Amino acid sequence: EKVQHIGSTPPVRDSHSCVPVGDQLFIFGGSAGDTTSNDLYMFDFKLKKWLQPSTKGLTPPMRDGHACCLYKERYMVVYGGIDHEKIFSD
């Protein structure tokens, strides 16, 4: 089922990571052709809207092909991936 939403959507990408948190869905990084990103977007299912939330702490470097998980119901942990020059094992 397609979810109708309000406003704009994140740029098209592949090889990103995604983690659900309650009524929200977070996507991080990924690539579009030769461009790799480290941006974070959140879809709020109650508001039916994409948002770009602020973050605390260090932002991981740009990457695609990585994994992520939710830690302690609060933290999105990103691991591995590549940035077209470097293979991450952080």
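The values are calculated or read from the model by the stated rules, or taken from the named source; none is laboratory data. Keep in mind the model is a prediction, meaning the values are calculated, not measured. Ideal geometry is used to build each Cβ from the backbone, glycine not excepted, and the neighbour counts take in all protein chains shown. For accessibility, only protein heavy atoms count, side chains too; no ligands or nucleic acids. Shrake-Rupley method; radii C 1.70, N 1.55, O 1.52, S 1.80 Å.
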Original post:
How many residues does region 2-46 hold that are assigned to a strand (DSSP E or B), over 22 Å from A67 (Cβ atoms) and acidic (D, E)?
Top reply: 1
Original post:
Is there any pair linking a residue in region 8-37 that is of a type in the set (S, T, N, Q) to one that is assigned to a strand (DSSP E or B) and open to solvent by 40 Å² or more (accessible area, probe 1.4 Å), with Cβ under 7 Å and at least six apart or on different chains, and which?
Top reply: S8/W50; T9/W50; S17/A67; S31/D14
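So, in region 61-90, of the ones that are assigned to a loop (DSSP other than H, G, I, E, B) and hydrophobic (A, V, I, L, M, F, W, C), which residue ends up surrounded by the most Cβ atoms within 10 Å (Cβ to Cβ)?
M62
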Original post:
Which of (1) of a type in the set (A, V, I, L, M, F, W, C); (2) surrounded by 10 or more Cβ atoms within 10 Å (Cβ to Cβ); (3) not in a strand (DSSP E or B) does L58 not meet, given it meets every other one?
Top reply: (2)
Subject >> In region 10-51, the residues that are open to solvent by 70 Å² or more (accessible area, probe 1.4 Å) and either among the acidic types (D, E) or under 10 Å from the mean Cα position of the chain (by Cα) (or both) >> reply: D14, H16, D23, D34
